[in-house]
Each structure stands twice: as structure tokens, then as C-alpha cells.
Amino acid sequence: MFQVLAADSIKEEGLQPLLEQPDIQLHIGSIDSENIDIQKIDALLVRSATKVTSELLDRMPSLKIVGRAGVGVDNIDIAEATKRGIIVVNAPDGNTISTAEHTFAMMAALMRNIPQAHSTVKKGEWKRNQFIGNELYGKTLGIIGLGRIGSELAKRARAFGMSVKVYDPFLTKERAEILGVQLSTFDEVLAEADIITVHTPLTKETKGLLNERTLSQTKKGVYLLNCARGGIIDEMALAHFIENGHVAGAALDVFEVEPPGDHPLLKLDSVIVTPHLGASTKEAQLNVATQVAREIRTFFDDKPVANSINLPAMSKEIYEKIQPFHQLAKEMGKIVSECHNKGISELTATYSGTAAELETSFLTKALLAGFFENRIDIKVNEVNAIHIAKERGIIVGEKVTGNSYGYANTITITARGDGDVFTARGTFIEHYGPRIVNLDGFTIDFHPSGNLLYIQHMDRPGVIGHVGKVLGDHGVNIATMQVGRKEAGGEAIMVLSFDKPLSDDMIVKLESLQDIVAINSIVL
Ligand SMILES: NC(=O)C1=CN([C@@H]2O[C@H](COP(=O)(O)OP(=O)(O)OC[C@H]3O[C@@H](n4cnc5c(N)ncnc54)[C@H](O)[C@@H]3O)[C@@H](O)[C@H]2O)C=CC1
Ligand SMILES: O=C(O)C(=O)COP(=O)(O)O
């Protein structure tokens, strides 16, 4: 039974995909709820309040996936989650419209002093001359970060007769043209905008983007908005520029620390604020809750999630194409690990044919996950495989070759270490399935599944018969058997499959037979 914890007041109506599921127990509460054992939680759903830190992850050893019911993942330690193989997904577009509308509402309210005027009227005052505002029409709006929210805001601003200048280093001219905005440099936006609004994520690059220095490059009388993340505009610098009259006012939905407590910005009349309400509409909350709940259901169904922060994005069609190769890569990783049970310092995956046309980096991660499965104690998956390899000093390489060895596709693994080299090659044959076609240079052909025995032996008369006899004498039925050799009388291999795993005793008996070099058991 999967244990799911939905924290941070995620809209319950949106959690439908996780309700009344025979394999899911849904807990609604918080990480501090007394009646919830967070050690057993498999999936955690959060908004921005819960901080998913490395300490919290330490307390949640069963955690496999974190779902952010919203966009910003700056409250989640992605690097730590990735190290631990925990997938992080978000709901990237469920609250775009709500946040753009909220920003627009804040901009209109800021320009017309609506919150300030409202509170005076409520107090019985009627101060019409004190609240002379500014029109939006004809003003230049500077947008920093023209992603989903910035783009929606730009459309609304244009409809109000504003001209829009945008700074976004990742925006193309074509996209700017389509949106009817002027692509500008950061300095141009600072110098020319009457109102500046930020819509970037909070990253090391955007933290303090608007600071003492850059604020001094803005027009005197500029208005500023932050409905993205606290910290993109340096709060102390902003307070200073409002106090000295350079900045005319600011509208803030977010703060570096939330709630902000006794904050200097809250004491300024020209600063209007909301308590991180950008995404707080019925529609957005239903959207984001439904999106992440579906992702969690998909994850438990062992299908690819659509919006992972630490896995490549994959459509259903691509997933269906890659799935058989993904399985093959994982099994091959395990086979190499078991057949070549030695330390390695380098692992290279070479793809050919139809396998090379796929997202090979994902296949390499699957292959590493298979390789590490029985080698180390922690769970390894596509999320943390590269990190684990690096941590263990294994150089991971990836190549593509035009040589498919006569197959429609191949995946070849080459493992190197201490002067030894071991290779394995597999292929996926349409309507037939995965096959391992070469092991350690021996041509062979077997289906990588079930209980296998990899036997290295000398190519001498009677060896195969002796192995069969020992197994038969102990009532062990051989399901399939494949042999391979490079030259008559030299080294050879056998790969046998069984309906049940072989006992250690049985393996010891086989090892003692003449001309047997080594035996490795593989369970796939
Ligand atoms: N107040 C609220 O309740 C909400 C706040 N947000 C915040 O808004 C942010 C933006 O959301 P979306 O538009 O959905 O994200 P997005 O990913 O679609 O857009 C972000 C844009 O910022 C640009 N960007 C990144 N680094 C930049 C830099 N150094 N300078 C200029 N541009 C840069 C990117 O190229 C991208 O176009 C989120 O990261 C989140 O923190 C999102 C939803 C609700
Ligand atoms: O989606 C985002 O990035 C937001 O900031 C919304 O935050 P919230 O889910 O309302 O706490």
C-alpha cells in the first residue's frame, strides 16, 4: 500500500486521482501531524510552505516522489532529492493565468492607490485629492522573465495600451515578435520602464537581481512588482529606494521570509502587499492539485511522469518507444554487474540503429541503475544513477555507432577496471523481445529474464554433459541453455535458465566440476 501525504492545504477536490484507490492510503495534514508516520510516506505533496530540506529527507527514508502543487521548487532541495533518487515533479501551468491576473490586479491597484484609498474610506474618510493615480495606458512595462506568467501578463498589458519591454536571456526574437513585445537588454529595461515586474524563478542568478546598484539605473518614479519570489528584488535595497523617493511604490506578493513579520517594507504607505496569493484561486488550486495527483498515480503505475524536475520529460509516445530498450538496458546493467563481479572504473554504453535514435542518456541511467542494484545498499534509479557513479569514481561514457552487427539495434556495455575489460551486447527484436547476443566476446543468444547461470568453462568434451547430469541428479530442471565459444578447445561459456533460483549448494557442486572456470548466478 502506497502512503501519500498531502501537506500545505492542497485542494482536496483535486486529489481525486489518489482517492479510493485500493493501493493508496492518502493522508491529509502536515509533516508535523502527530498521527502521520512520515518515515513510511512514499509520496509527499506540497505547496510553498513545507520546506523539503535534506533534514526532512533524512526523516523520510521511504520517500520516492515529491509533488509540488505549483511552479516554484525553490522550497525543495532538488540536489539532495536527486542524490537520494527521489523524483520531484511540479504542476507548471496550472496557476499561470491566476498569477498573471493577480500581478495585473496588483499593478492596477498600485497605480490607482486602491488598497490605501480603500482603508481610508472604511475608516469614514473621503480623501479624493490624496489618491491621484496614474493610467496604465501609454506606460512602458518592463518584464524580467517572459515565461508562462510573464507572457500572459504581457498580453494583458498590451490590451491595456501599454508598451512592453522584456528582458529574458532565453527568449528568442521570434517569440518576442509573436507576443508583440520588445526584446531588450537588462539595462534597457531598467532605464526605460515606468513599471518593472519580475517573473523569473528564484535562482543564484536571479537572487538580488534588483539591488542597490541596478535599482539606481531605473527611472526616477518607477514602480516595482514582485509576484514571483521573495529575494529577486533585494528587500532592504527596495525599502531604501522607496524611502529616498527614487522608487514611487511597490506591489509585493512574496517575501524572502514568509510571513515577513515586522518588516521595514510593511511600514511604507506606497508598498502594497498580499500574502503570496498569486496562485490562490479556486481554479488554479484545482488545476495544480489535479496535475500533481495524476503524476503521483502515474508514478505508482510505473509509467513516466510528465513534469519531472530531475528526469527528462517524455511524451507517452516516446515512452512507449523507449520502454523495451529501457528494460533491456537495466537488465544488461545487472548482467554485467553479476558476470563481471569486480570493481570497475569506467562504463561505456554504445548505441546503434533504432536504439541510438532514442533518449540514450535515459537508457544509460537505467543501465547504471541495473548495474548498481545488487552492488550498493541505497536505491539507485534514473534520478541518482549518474550522481552515484560519480561518487564512486566511475567514468560514464556514451557513444553512438553506425555498426549494428546485423541487428536493427544494439546496446553494448563496456566495463573497464584494473586492466580487465568486460563487454555485453543486447538487442531488441520487434515481436520477439530482448536478447543478449554477446557476452565477454562470446557470441550467444538468450532472453534476459528469470533465474540465470553464467558458466565460464573450457571447451572440452563432456563438460556440458557433466553440468546437465549434476543438475538432473538433484532434480533441477534446465529451462533453456545456450553455449558459446571463440575457438575449438579454448574458453567457452554457457548460459542456463531455470524455473527457480539455484541453491548456493548446487552452485558449489557445479563449481567443483572439472574444466569449470567460474559460475555466476543472475536473477533478473
Ligand atoms: N506568487 C505566486 O503565487 C506564484 C509565483 N510563481 C513564481 O513565478 C515564477 C515564474 O513562473 P513561470 O512563468 O510559470 O515560469 P517559467 O519557467 O515559464 O518562466 C520563467 C522565465 O524566467 C526566465 N529567466 C530565467 N532566468 C532568468 C534571468 N536570470 N533573467 C531573466 N529571465 C530569466 C526564463 O527564461 C523563463 O522564460 C516561478 O518560478 C515561481 O517562483 C509562480 C506561480 C505562482
Ligand atoms: O506555484 C508557485 O510557484 C507559487 O508560488 C504558488 O505558491 P503556493 O502553492 O500558493 O504556496
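Please work out which residue is farthest from ligand 1 (Cβ to nearest atom), limiting yourself to segment 177-186 and to residues that are open to solvent by 40 Å² or more (accessible area, probe 1.4 Å) and not in a helix (DSSP H, G or I).
Our first condition is that a residue be open to solvent by 40 Å² or more (accessible area, probe 1.4 Å); within segment 177-186, this holds for 177-178, 182-183, 185.
With not in a helix (DSSP H, G or I) added as a condition, the list becomes 182-183, 185.
Numbers: 182: 15, 183: 12, 185: 11 Å.
So the residue we want is 182.
Any residue that is among the small types (Gly, Ala, Ser), within 12 Å of ligand 2 (Cβ to nearest atom), in contact with a strand residue (DSSP E or B) (Cβ under 9 Å, 6 or more places away or on another chain) and within 19 Å of residue 5 (Cβ to Cβ) - is there at least one of those in segment 282-296?
Checked segment 282-296: at least one residue is among the small types (Gly, Ala, Ser), within 12 Å of ligand 2 (Cβ to nearest atom), in contact with a strand residue (DSSP E or B) (Cβ under 9 Å, 6 or more places away or on another chain) and within 19 Å of residue 5 (Cβ to Cβ).
Looking at segment 223-240 only, could you name the residues that are buried (at least 22 other Cβ atoms within 10 Å of the Cβ), of a type outside the set (S, T, N, Q) and closer than 28 Å to residue 135 by Cβ?
223, 224, 225, 227, 228, 232, 233, 238
Among the residues of segment 3-19, is any free of Cβ contacts under 8 Å to residues at least 24 places away in the same chain and open to solvent by 60 Å² or more (accessible area, probe 1.4 Å)?
yes
Which residues, taken from segment 85-97, are more than 10 Å from ligand 1 (Cβ to nearest atom), over 12 Å from the mean Cα position of the chain (by Cα) and crowded, with 21+ Cβ neighbours inside 10 Å?
If the condition is that a residue be more than 10 Å from ligand 1 (Cβ to nearest atom), over 12 Å from the mean Cα position of the chain (by Cα) and crowded, with 21+ Cβ neighbours inside 10 Å, then no residue fits.
Can you pull out every residue in segment 363-387 that is farther than 20 Å from residue 324 by Cα, touching a helix residue (DSSP H, G or I) at 6+ places or on another chain (Cβ under 8 Å) and free of Cβ contacts under 8 Å to residues at least 24 places away in the same chain?
Within segment 363-387, 376, 386 meet the criteria.
From the residues in segment 248-262 that are open to solvent by 20 Å² or more (accessible area, probe 1.4 Å) and either under 35 Å from the mean Cα position of the chain (by Cα) or among the small types (Gly, Ala, Ser) (or both), which one is nearest to ligand 2 (Cβ to nearest atom)?
Taking segment 248-262 as the starting set, the residues that turn out to be open to solvent by 20 Å² or more (accessible area, probe 1.4 Å) are 248, 256-262.
Right, trim to either under 35 Å from the mean Cα position of the chain (by Cα) or among the small types (Gly, Ala, Ser) (or both) and you get 248, 256-261.
Values: 248: 26, 256: 14, 257: 14, 258: 9, 259: 12, 260: 15, 261: 18 Å.
In this case the residue turns out to be 258.
As an exercise: evaluate residue 70 against (1) open to solvent by 50 Å² or more (accessible area, probe 1.4 Å); (2) within 16 Å of ligand 2 (Cβ to nearest atom) and give the number of the one condition it does not meet.
Failed condition: (1).
Those residues that are touching a Pro at 6+ places or on another chain (Cβ under 7 Å) and surrounded by 22 or more Cβ atoms within 10 Å (Cβ to Cβ), I need them from segment 98-110; list them, please.
Result: no residue meets the conditions.
Tell me which residues, restricted to segment 187-203, are open to solvent by 10 Å² or more (accessible area, probe 1.4 Å) and either out of contact with any Leu (no Cβ under 8 Å at 6 or more places or on another chain) or free of Cβ contacts under 8 Å to residues at least 40 places away in the same chain (or both). It would help to see each step written out before you state the result.
Applying the first criterion (open to solvent by 10 Å² or more (accessible area, probe 1.4 Å)) to segment 187-203 yields 187-188, 191-192, 194, 199-203.
Hits for segment 187-203 are 187, 188, 191, 192, 201, 202, 203.
Going by the conditions given, is residue 505 more than 41 Å from the chain's Cα centre (by Cα), of a type in the set (D, E, K, R) and at pLDDT below 95?
yes
Residue 359 fails exactly one of the following numbered conditions: (1) open to solvent by less than 40 Å² (accessible area, probe 1.4 Å); (2) modelled with pLDDT under 95; (3) out of contact with any Lys or Arg (no Cβ under 9 Å at 6 or more places or on another chain). What is the number of that condition?
The single condition residue 359 does not satisfy is (1).
Do you know which of the residues in segment 46-65 that are among the hydrophobic types (A, V, I, L, M, F, W, C) and within 16 Å of ligand 1 (Cβ to nearest atom) is most open to solvent (accessible area, probe 1.4 Å)?
For segment 46-65, the residue satisfying everything is 49.
When segment 149-171 is examined, which residues are found to be under 31 Å from the mean Cα position of the chain (by Cα), open to solvent by 40 Å² or more (accessible area, probe 1.4 Å) and at pLDDT 95 or above? Steps first, please.
As a first pass, look at segment 149-171 and keep what is under 31 Å from the mean Cα position of the chain (by Cα): 149-155, 166-171.
Subsequent filtering for residues that are open to solvent by 40 Å² or more (accessible area, probe 1.4 Å) retains 155, 167, 169-170.
If the condition is that a residue be under 31 Å from the mean Cα position of the chain (by Cα), open to solvent by 40 Å² or more (accessible area, probe 1.4 Å) and at pLDDT 95 or above, then 155, 167 are the ones that fit.
Quick one: in segment 451-505, of everything that is in a loop (DSSP other than H, G, I, E, B) and in contact with a helix residue (DSSP H, G or I) (Cβ under 9 Å, 6 or more places away or on another chain), which residue is surrounded by the fewest Cβ atoms within 10 Å (Cβ to Cβ)?
Among those residues, the one meeting the criterion is 477.
How do the pairs read when you match residues in segment 227-246 that are on the phi > 0 side of the Ramachandran plot with residues anywhere that are surrounded by fewer than 18 Cβ atoms within 10 Å (Cβ to Cβ), using Cβ under 6 Å and keeping only pairs 6 or more apart or on different chains?
So the pair list comes out as 231/207; 231/256.
Scan segment 141-172 residue by residue and report those that are β-branched (Val, Ile, Thr), within 18 Å of residue 233 (Cβ to Cβ) and either in contact with a Gly (Cβ under 6 Å, 6 or more places away or on another chain) or more than 11 Å from ligand 1 (Cβ to nearest atom) (or both).
Across segment 141-172, the qualifying residue is only 143.
Filter segment 29-41 for residues that are outside any helix (DSSP H, G or I) and open to solvent by 90 Å² or more (accessible area, probe 1.4 Å); which is farthest from residue 56 (Cα to Cα)?
Out of the qualifying residues, it is 35.
Within segment 278-309, how many residues turn out to be under 26 Å from residue 100 (Cα atoms), part of a loop (DSSP other than H, G, I, E, B), of a type outside the set (A, V, I, L, M, F, W, C) and under 14 Å from the mean Cα position of the chain (by Cα)?
Of the residues in that region, 1 qualify.
What do you reckon, is residue 174 outside any loop (DSSP other than H, G, I, E, B), surrounded by fewer than 15 Cβ atoms within 10 Å (Cβ to Cβ) and modelled with pLDDT under 95?
Against the criterion (outside any loop (DSSP other than H, G, I, E, B), surrounded by fewer than 15 Cβ atoms within 10 Å (Cβ to Cβ) and modelled with pLDDT under 95), residue 174 qualifies.
The values are calculated or read from the model by the stated rules, or taken from the named source; none is laboratory data. The model shown is predicted, which means the values in this text are computed figures rather than measured ones. Positions of Cβ are generated from backbone atoms using ideal geometry, with glycine treated the same way; all protein chains shown enter the neighbour counts. The area values use the complete protein model at the heavy-atom level, side chains included, leaving out ligands, DNA and RNA. Shrake-Rupley method; radii C 1.70, N 1.55, O 1.52, S 1.80 Å.
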